[in-house]
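Worksheet for the structure shown next.
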Amino acid sequence: MQTKFILHGGYASKLNAENDSFFREILSDAPENPQILLVNFAKDEREYEQTSQKDKTQFNRNNIDNRNLSFNTANQDSFEKQIVEADIVYLHGG
């Protein structure tokens, strides 16, 4: 499998055309049932759930091919294992 890195300038949770393009590009080469790992380590741990919900909303809004998206929120204890199991690793900024 080829690795693709997609860089973004920030504020990816805002609803706008630029962010739609960003999330659609992430999903463009994804398998039919992608495992998406949401990494929120740059945020305060108390914000992980809210941040993950915003990220899930963006992915689901831009899932134009109707893939069966499955999400996991990264945790530091099993992060290495989670990365191996993920098809997409999404790093949320701080």
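Every number in this text was worked out from the coordinates using simple rules, so none of it is lab data. Only a predicted model underlies this, so the values are computations on that prediction, with no experimental measurement involved. Neighbour counts run over all protein chains shown; Cβ positions are idealised from the backbone, glycine included.
How many residues, within segment 71-90, are hydroxyl-bearing (Ser, Thr, Tyr) and either part of a loop (DSSP other than H, G, I, E, B) or over 24 Å from residue 2 (Cα atoms) (or both)? Residues that pass the stated criteria total 1.
Residues of segment 1-37 that are loosely packed, with under 14 Cβ neighbours inside 10 Å, small (Gly, Ala, Ser) and more than 19 Å from residue 67 (Cα to Cα): 9, 10, 17. Selection of segment 50-94 for residues being out of contact with any helix residue (DSSP H, G or I) (no Cβ under 7 Å at 6 or more places or on another chain) and of a type in the set (Val, Ile, Thr) yields 51, 57, 83, 84. With (1) without any contact (Cβ under 8 Å) to a residue 40 or more places away in the chain; (2) out of contact with any strand residue (DSSP E or B) (no Cβ under 9 Å at 6 or more places or on another chain); (3) under 23 Å from residue 2 (Cα atoms) as the list, and residue 24 as the residue in question, which single condition is left unmet? The number of the failed condition is (1).
How many residues are within 22 Å of residue 16 (Cα to Cα) and either of a type in the set (A, V, I, L, M, F, W, C) or part of a strand (DSSP E or B) (or both) when one looks only at segment 43-70? Of the residues in segment 43-70, 3 are within 22 Å of residue 16 (Cα to Cα) and either of a type in the set (A, V, I, L, M, F, W, C) or part of a strand (DSSP E or B) (or both).
When residues of segment 62-78 are filtered for being free of Cβ contacts under 8 Å to residues at least 12 places away in the same chain and under 15 Å from residue 40 (Cα atoms), how many remain? If you could, list the steps in order and put the result at the bottom.
Within segment 62-78, the subset free of Cβ contacts under 8 Å to residues at least 12 places away in the same chain is 66, 75, 77-78.
Within this subset, residues satisfying the condition of being under 15 Å from residue 40 (Cα atoms) are 75, 77-78.
Within segment 62-78, residues that are free of Cβ contacts under 8 Å to residues at least 12 places away in the same chain and under 15 Å from residue 40 (Cα atoms) number 3.
Among the listed residues 56, 43, identify the single one that is in contact with a strand residue (DSSP E or B) (Cβ under 9 Å, 6 or more places away or on another chain) and surrounded by fewer than 18 Cβ atoms within 10 Å (Cβ to Cβ). Result: 56 is the single residue among 56, 43 that is in contact with a strand residue (DSSP E or B) (Cβ under 9 Å, 6 or more places away or on another chain) and surrounded by fewer than 18 Cβ atoms within 10 Å (Cβ to Cβ).
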